[in-house]
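**Q** Structure incoming, see below.
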Amino acid sequence: MIVFDHVTVRYADADEPSLRDVTLEIPEGELVLVVGPTGSGKSTLLRTINGLVPHFSGGTLTGRVIVDDHSTADHRPRDLATVVGLVEQNPVSTFVTDVVEDEIAYGMETMGLDPTTIRRRVEETLDLFGLTPLRTRPLGALSGGQQQRVAIASVFAAGPQILVLDEPTSALDPVAAEEVLASLHRIVHDLGVTVVLAEHRLERVVHHADRVILIDGGRTSALLDPAEAMADSPIHPPLVALSRLARWTPTPLSIRDARRRAGALRERLAAAKPTAGRDDGTSQRPSVLFEGAQVLRAGRPVIDDLSLSLFPGTVTALMGRNGAGKSTLLGTVAGQLTPEAGSVRVADGPTWAQPASLPARRRVALVGLVPQQPELLLYSDSVAAECAAADQDFDVASGTAAAILDGISGGLDPTRHPRDLSEGQRLELALSVILAGSPTVLLLDEPTRGLDYGAKGRLAATLRDLASRGTTVLLATHDVELAAEVADRVVILADGEVVADGPVRQVLASSPAFAPQVTKVLRPQTWLTVDEVAAALGRSA
Amino acid sequence: MSARERLQHPAAWWLWGLGLATAASRTTNPMVLLLIIGVCILVVSERRDPSAPNPLMAFVVIGAMVVMFRLVLTVILGNGIRGETVLFTLPRIPLPEWASFLRIGGRVSLESLLYALYDALRLAAILACIGAANALASPRRLLRYLPATLYDVGTAIVVGLTFAPQLLSDARAVRSARALRGHDGRGIRELARLAVPVLEAAFARSLGLAASMESRGYGRAVRTTPRGRRTASVLAVIGTLGVLAGLYGLLDSSVGGVLGLPLLVIGVVVAGASLAIGASRDGRSGHRRDPWTWTETLTVICGAVPGGVLVVASAQGWTGVVPLPRAEPPPLPVLTVVAVLVAALPAWFTPRPRRALA
Amino acid sequence: MTVIPVRWPAAAAIGLVAAIGALAFLWPFVASAEFVTNHGNDAPWLFAGILALLTLVCLAEVTSGRLDAKTIAVLGVTAAAGGAMRVLSAGTAGLEPMFFIIIVAGRVLGPGVGFVGGALALLTGALLTGGVGPWLPFQMICAGAIGLGAGLLPGRPGARSERWMLAGYALTSGIIFGVFMNLWFWPFLGANAPTGMGFVPGATVAENLGHYAVFYLATSLAWDVPRGVLNAILVTVAGPALLRVFRRAARRAAFGSQVAFDPSAGERASPAGEHHDVAVAAPDRGTLAR
């Protein structure tokens, strides 16, 4: 179906080729997962399939890419629209209309199909993706998962036999991600569509995949069996790490498979207990205090009667579905929102301060927030200029921010434009900017969007380091694995109220939806991460 | 009678509004003009497009401001009209020699005020008709009916309309993000700091949109041939030249002024033809076209009736169509009033607009 | 750079429409007395209608080569930014800060984009705020002309003086815009307008000019100078940063970048079935590699 024949891609102003001598043959009806670190050429590989590289992006393509017997050298992407559909990462930016139905029909309209076909296809596609009850909803009113499904549906409605998706679930919470993947699974198995997708969050996807392609530095492996690929791949989900530790073969890819093998491991671990190291700090004086707080947004209470304490030197993970009030809570601590009722206070030395009523300069010395889109914080045109501006903003010695950045990221090219950086690097830059002010409370809003495992690891290390030096860290996330790795305490919000609040082990292990993979496999024992298991095995061996 | 809830074809309402505006432009009878404004308000309140904010009030306010403006200027600077009924007299301010054509202060007569009022009211009525057309058929819906030569321009407008609200909400987000770095977002310098992330984000998004449009087959349905384009270009230049020449002829009534109007009309037709010829759209697309049914035709007729009647009335000089400014109520031309009331009929027989679903 | 080339038919059309536009504004000075008395009240509407049609013709001619998706996207952002400025400044009655965006766009992306982007920014602003009124075609043509002019300004991109040149251009174009928009409204005062303010049919051009000057002073000098000054200040303060943003966007969009295919595949001596291995990193114990 898709044939790469010694394909090398070099962009116009690049020194190095982005793809080197890729030769692959993807048969029909397979769900193929492309796995690789940031910058390895995943996006380029996906975009050569429908011809965006090189027709849209410029550059030279050596070799041939043949899609359903059409060569991309002879056909522009618009000509291949009925053969290959490409879904980008951020669906909202690709919507051209206002209503779900219209968006699904738009692609077909621009291609000039006749009205009867369009109507029929719209109905079929709505059914296939479970969007029929939403058909007249405005696009802006949908949840993230629904928007992603609409984006996929609108590309699919034109009838391509191949779907290419670039990180479709990176911005979604686990439940929404599962909806999207279930839709993809359905069209592969019921309709024989070929799906090629790239994802960082392997724990959600790898058990759906039929084949895996590993890519690094522009070179790809062959089409591998998923279990084989995961056995050796440097990028793997926690489950696979556990399986390598326990030496299970073949590598299990789903929780069920792993549990079937895990009996022996559970026995070995029965006597051991995870070493402490997670201290929820309740013995100290709180650094952030919510008392019966109510916060309104557009007149409606998003947070209602919320009471919560955060303690210095701890990392707290704030979890909950999208829309539960996580961002609002963080915004209130950062002083962007004022509570309508109740109080929100931050410890300022021996006294308390209300963040919303502090002047901006004083406030940022106390509380720092890295927003959901870190690029909104950045406005300079080079990394070095951004660090210098941060030093000025917070009135600190010049070079502070740059030093912090080096520590967090291991060194970024100071002349690069911040928008040219990868997601992980941008986050690190934004974090350095905020940390230049040495706030006592650090807030992060969904930092794991688009991060690969390496960047997440560096982030986890940074946060634990900050906590060990006494900073209060509050992290809003729906990445369970990161929470398991880094948090001391977990607070779960639903509809603006606290539903669970306790030590990480207690909350994550007891909740079916929010348990990390290792916990699910080793239930009823409460292990959170592979490192804990390894440490316990090392001790008991 | 009216079918299931739907929005009428936008051209129907715009033609209706233009007909009524033509009627308003032919008369200065204040009763008729106020009646026209009333008809506009009535029809809009019954049948306006609920998905967009109502701009009619803005247009009416502008009209009211024009009336105020004219009246005040007339009071201060006087008018060419000499009237008998003097209302009051302002002190006359003497002016130097070079400004001798100006007259500040002096007698203010009722007739002069009435003249200014009638004239300004006409402008206000025309604006009300245009505002009503805006409210009944949002101009955004007209984008769908642009000729194929303007397909790309139309898409750019749609992209602009989609991005603008996002730009505004991004600006708000950046403003609160500025606070996270210790600034409170005031001052002109902050504007640059604000504009840069917002525009960078917009451009990044737009590139993604362009890639997505390209991948979804944008541009397949519209075909241009080099020959068609050349023909269109030639027609455009010739048509524009014709319009220029025609206008010149019209303005300067002495030099071949007879040629003015026909030349103008030919020029307009030729230029319009260039729009129609340059590209052809694949006729099969457009599954969401508004249908043109009898309600649309009748709506246009209801707008054309007052337009036609008043054109005839002003050409033939019926009494009361252009009343003299005298200190008495102007005569009421019954036929024109009836014609204007016909324009109110679409408030009833046209289909109700579909309410926007939550 | 020139993203949309302006070929001769488009240039001719724009030039002719500019002449017609000038006529639309200046007709009170050159019209005969007969015309004014017979058609004086209808002339502005006539001109509005004609210009509306001809604006569309101009836009069609400039874009006759079919725009590709990237150009449309860039135009869309320019139109959206201009429209958003309109929405933000709707309360400040007529100060029109959107011009500084149009000027920057024209400067970076060329006269073609400047013209289309300027016209579309006005249109988008109108669609977003109040609606389409008879003043819109005039405004679109003027804004398009401002964008076009910005694209034709000399000077090396990135030079120090660029910012001042653009600021000066913003100041003058802001004021000229006001002068012309008022010229359009002036005849609405009618043939028997208040003495000394309205035009007198048959009078000499000098006299009429004098009348117009009074009208202008009375009505909108107070708006036009602030508008010019505001746009000039915006260009001075935010101009260099925005120029960089637009230039980077143009670079990322790779307008006119070369697309090359080299089908000389299979020259490498790799027999079918052999694949390069992905470099395997050192074994690690955890998923979140530290």
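The values are calculated or read from the model by the stated rules, or taken from the named source; none is laboratory data. This is a predicted model, so every value here is computed, not measured. Don't worry about glycine lacking a Cβ; one is built from the backbone with ideal geometry, like all the others, and counts go over all protein chains shown.
**Q** What is the one condition in (1) under 23 Å from C:R248 (Cα atoms); (2) within 10 Å of chain B (Cβ to nearest Cβ) that C:P111 does not satisfy?
**A** Evaluating C:P111 over (1) under 23 Å from C:R248 (Cα atoms); (2) within 10 Å of chain B (Cβ to nearest Cβ) leaves (2) as the failure.
**Q** With the structure loaded, tell me whether A:V212 is in a strand (DSSP E or B) and under 30 Å from A:A535 (Cβ atoms) or whether it fails that test.
**A** On the way: in a strand (DSSP E or B): yes; under 30 Å from A:A535 (Cβ atoms): yes.
When the stated conditions are applied, A:V212 passes them.
**Q** Determine which member of the set A:A171, A:A158, A:A182, A:A176 is free of Cβ contacts under 8 Å to residues at least 60 places away in the same chain and either farther than 21 Å from A:V96 by Cβ or outside any helix (DSSP H, G or I) (or both).
**A** Working: A:A171 fails: free of Cβ contacts under 8 Å to residues at least 60 places away in the same chain; A:A158 fails: free of Cβ contacts under 8 Å to residues at least 60 places away in the same chain; A:A176 fails: free of Cβ contacts under 8 Å to residues at least 60 places away in the same chain.
Just a single option satisfies the conditions, and that option is A:A182.
**Q** What is the one condition in (1) within 28 Å of A:G502 (Cα to Cα); (2) out of contact with any Leu (no Cβ under 8 Å at 6 or more places or on another chain); (3) assigned to a helix (DSSP H, G or I) that A:R278 does not satisfy?
**A** Failing condition for A:R278: (3).
**Q** Need the failing condition index for A:E25 against (1) crowded, with 24+ Cβ neighbours inside 10 Å; (2) farther than 30 Å from C:L67 by Cβ, just the number.
**A** (1)
**Q** While we're here: Within the range B:240-255, restricting attention to residues that are facing another protein chain (nearest Cβ under 7 Å) and more than 11 Å from C:I20 (Cβ to Cβ), which residue is modelled with the highest pLDDT?
**A** So, considering only residues that are facing another protein chain (nearest Cβ under 7 Å) and more than 11 Å from C:I20 (Cβ to Cβ), the one modelled with the highest pLDDT is B:L250.
**Q** Continuing with the same structure: How many residues does the range A:113-147 hold that are under 23 Å from A:V193 (Cα atoms) and either facing another protein chain (nearest Cβ under 10 Å) or assigned to a helix (DSSP H, G or I) (or both)?
**A** Applying the first criterion (under 23 Å from A:V193 (Cα atoms)) to the range A:113-147 yields A:113, A:117-132, A:145-147.
Imposing the further condition that a residue be either facing another protein chain (nearest Cβ under 10 Å) or assigned to a helix (DSSP H, G or I) (or both) reduces the set to A:113, A:117-128, A:132, A:145-147.
Selection size over the range A:113-147: 17.
**Q** Here's something else I'd like to know. Free of Cβ contacts under 8 Å to residues at least 60 places away in the same chain, within 11 Å of another protein chain (Cβ to nearest Cβ) and surrounded by fewer than 23 Cβ atoms within 10 Å (Cβ to Cβ): is that true of A:T82 in this structure?
**A** Considered against the rule, which asks whether it is free of Cβ contacts under 8 Å to residues at least 60 places away in the same chain, within 11 Å of another protein chain (Cβ to nearest Cβ) and surrounded by fewer than 23 Cβ atoms within 10 Å (Cβ to Cβ), A:T82 comes out as no.
**Q** Could you figure out which of (1) aromatic (F, W, Y); (2) surrounded by 23 or more Cβ atoms within 10 Å (Cβ to Cβ); (3) touching a strand residue (DSSP E or B) at 6+ places or on another chain (Cβ under 7 Å) isn't true of A:F56?
**A** Evaluating A:F56 over (1) aromatic (F, W, Y); (2) surrounded by 23 or more Cβ atoms within 10 Å (Cβ to Cβ); (3) touching a strand residue (DSSP E or B) at 6+ places or on another chain (Cβ under 7 Å) leaves (3) as the failure.
**Q** Only one of (1) facing another protein chain (nearest Cβ under 7 Å); (2) in contact with a Ser or Thr (Cβ under 7 Å, 6 or more places away or on another chain); (3) among the hydrophobic types (A, V, I, L, M, F, W, C); (4) farther than 23 Å from C:L243 by Cα is not met by B:A148, so which one is it?
**A** If we test B:A148 against (1) facing another protein chain (nearest Cβ under 7 Å); (2) in contact with a Ser or Thr (Cβ under 7 Å, 6 or more places away or on another chain); (3) among the hydrophobic types (A, V, I, L, M, F, W, C); (4) farther than 23 Å from C:L243 by Cα, just (1) comes out false.
**Q** Can you tell me how many residues in the range A:179-191 are within 25 Å of A:I215 (Cβ to Cβ) and surrounded by fewer than 17 Cβ atoms within 10 Å (Cβ to Cβ)?
**A** Counting residues in the range A:179-191 that are within 25 Å of A:I215 (Cβ to Cβ) and surrounded by fewer than 17 Cβ atoms within 10 Å (Cβ to Cβ) gives 1.
**Q** Mind listing whichever residues of the range A:459-500 are more than 27 Å from A:V364 (Cα to Cα) and surrounded by fewer than 21 Cβ atoms within 10 Å (Cβ to Cβ)?
**A** Across the range A:459-500, the qualifying residues are A:A494, A:D495, A:V499, A:A500.
**Q** Does B:F101 qualify as being modelled with pLDDT under 80, not hydroxyl-bearing (S, T, Y) and not in a strand (DSSP E or B)? I'd like the intermediate steps shown before the answer.
**A** On the way: modelled with pLDDT under 80: yes; not hydroxyl-bearing (S, T, Y): yes; not in a strand (DSSP E or B): yes.
Taking the combined requirement at face value, the residue satisfies it.
**Q** Please give the helices (runs of 4 or more DSSP H) falling wholly within the range A:435-525 in which 2 or more residues are within 23 Å of A:R345 (Cα to Cα) and at pLDDT 90 or above. Let's see the steps before the verdict.
**A** Values: elements: A:453-468, A:480-486, A:504-510, A:517-522.
Result: A:453-468.
**Q** Moving on to the next point. Only one of (1) outside any helix (DSSP H, G or I); (2) within 20 Å of A:A484 (Cα to Cα); (3) free of Cβ contacts under 8 Å to residues at least 60 places away in the same chain fails for A:S243. Which number is that?
**A** Checking A:S243 against (1) outside any helix (DSSP H, G or I); (2) within 20 Å of A:A484 (Cα to Cα); (3) free of Cβ contacts under 8 Å to residues at least 60 places away in the same chain, the one that fails is (1).
**Q** Those residues that are in contact with a helix residue (DSSP H, G or I) (Cβ under 8 Å, 6 or more places away or on another chain) and either at pLDDT below 90 or of a type in the set (G, A, S) (or both), I need them from the range B:33-44; list them, please.
**A** Filtering the range B:33-44 for residues in contact with a helix residue (DSSP H, G or I) (Cβ under 8 Å, 6 or more places away or on another chain) gives B:33-37, B:39-44.
Within the range B:33-44, no residue meets the criteria.
**Q** Considering only the range A:40-88, state which residues are over 27 Å from the mean Cα position of the chain (by Cα) and in a strand (DSSP E or B). Let's see the steps before the verdict.
**A** Here is the first cut: in the range A:40-88, the residues over 27 Å from the mean Cα position of the chain (by Cα) are A:54-55, A:58-83.
Of everything in the range A:40-88, those that are over 27 Å from the mean Cα position of the chain (by Cα) and in a strand (DSSP E or B) turn out to be A:G59, A:T60, A:L61, A:T62, A:G63, A:R64, A:V65, A:I66, A:V67, A:H70, A:S71.
**Q** Between B:R193, B:R186, B:R205, B:R220, which is of a type in the set (K, R), assigned to a loop (DSSP other than H, G, I, E, B), within 8 Å of chain A (Cβ to nearest Cβ) and out of contact with any strand residue (DSSP E or B) (no Cβ under 8 Å at 6 or more places or on another chain)? Break it down into steps so the answer makes sense when it comes.
**A** Working: B:R193 fails: assigned to a loop (DSSP other than H, G, I, E, B); B:R186 fails: within 8 Å of chain A (Cβ to nearest Cβ); B:R205 fails: assigned to a loop (DSSP other than H, G, I, E, B).
Step by step, each of B:R193, B:R186, B:R205, B:R220 is checked, and only B:R220 is of a type in the set (K, R), assigned to a loop (DSSP other than H, G, I, E, B), within 8 Å of chain A (Cβ to nearest Cβ) and out of contact with any strand residue (DSSP E or B) (no Cβ under 8 Å at 6 or more places or on another chain).
**Q** Let me ask something else about it. Please find, among A:T338, A:T332, A:T316, A:T328, the residue that is part of a loop (DSSP other than H, G, I, E, B) and not basic (K, R).
**A** Details: A:T332 fails: part of a loop (DSSP other than H, G, I, E, B); A:T316 fails: part of a loop (DSSP other than H, G, I, E, B); A:T328 fails: part of a loop (DSSP other than H, G, I, E, B).
Checking each option against the conditions leaves just A:T338.
**Q** Here are some conditions: (1) in a loop (DSSP other than H, G, I, E, B); (2) small (G, A, S); (3) surrounded by 22 or more Cβ atoms within 10 Å (Cβ to Cβ). C:G106 meets all but one. Which one does it not meet?
**A** Just one mismatch for C:G106, condition (1).
**Q** List pairs: first in the range C:96-107 and over 10 Å from C:A143 (Cβ atoms), second hydroxyl-bearing (S, T, Y), Cβ under 6 Å, 6+ apart or cross-chain?
**A** C:P97/C:S89; C:A105/C:T78
**Q** How many residues does the range A:295-308 contain that are in a strand (DSSP E or B) and surrounded by fewer than 16 Cβ atoms within 10 Å (Cβ to Cβ)?
**A** Going through the range A:295-308, the residues in a strand (DSSP E or B) turn out to be A:295-297, A:300-308.
Within this subset, residues satisfying the condition of being surrounded by fewer than 16 Cβ atoms within 10 Å (Cβ to Cβ) are A:297, A:300, A:305, A:307.
Residues that pass the stated criteria total 4.
**Q** Return yes or no: is A:T314 crowded, with 22+ Cβ neighbours inside 10 Å and either within 22 Å of A:V491 (Cβ to Cβ) or among the β-branched types (V, I, T) (or both)?
**A** Yes; evaluated as a whole, the condition is true for this residue.
**Q** When the residues of the range C:122-131 are filtered to those that are within 7 Å of chain B (Cβ to nearest Cβ) and surrounded by 21 or more Cβ atoms within 10 Å (Cβ to Cβ), which remaining residue is farthest from the chain's Cα centre (by Cα)?
**A** Restricting attention to the range C:122-131, the residues satisfying the condition of being within 7 Å of chain B (Cβ to nearest Cβ) are C:123-124, C:127-128, C:130-131.
Restricting the remaining residues to those that are surrounded by 21 or more Cβ atoms within 10 Å (Cβ to Cβ) gives C:123-124, C:127-128, C:131.
Working: C:L123: 10, C:T124: 11, C:L127: 16, C:L128: 17, C:G131: 19 Å.
The qualifying residue farthest from the chain's Cα centre (by Cα) is C:G131.
**Q** Something else now. So A:A455 fits all but one of (1) more than 21 Å from A:P37 (Cα to Cα); (2) of a type in the set (A, V, I, L, M, F, W, C); (3) buried (at least 23 other Cβ atoms within 10 Å of the Cβ); what number is the exception?
**A** Unmet for A:A455, out of (1) more than 21 Å from A:P37 (Cα to Cα); (2) of a type in the set (A, V, I, L, M, F, W, C); (3) buried (at least 23 other Cβ atoms within 10 Å of the Cβ): (1).
**Q** Going residue by residue through the range B:135-144, is there one that turns out to be part of a helix (DSSP H, G or I), crowded, with 24+ Cβ neighbours inside 10 Å and facing another protein chain (nearest Cβ under 9 Å)?
**A** In the first step, residues of the range B:135-144 are kept if they are part of a helix (DSSP H, G or I); the result is B:135-136, B:139-144.
Next, from what is left, pick out any that are crowded, with 24+ Cβ neighbours inside 10 Å: B:135-136.
If we keep only those that are facing another protein chain (nearest Cβ under 9 Å) too, we end up with B:135.
Scanning the range B:135-144, I find at least one residue that is part of a helix (DSSP H, G or I), crowded, with 24+ Cβ neighbours inside 10 Å and facing another protein chain (nearest Cβ under 9 Å), so the answer is yes.
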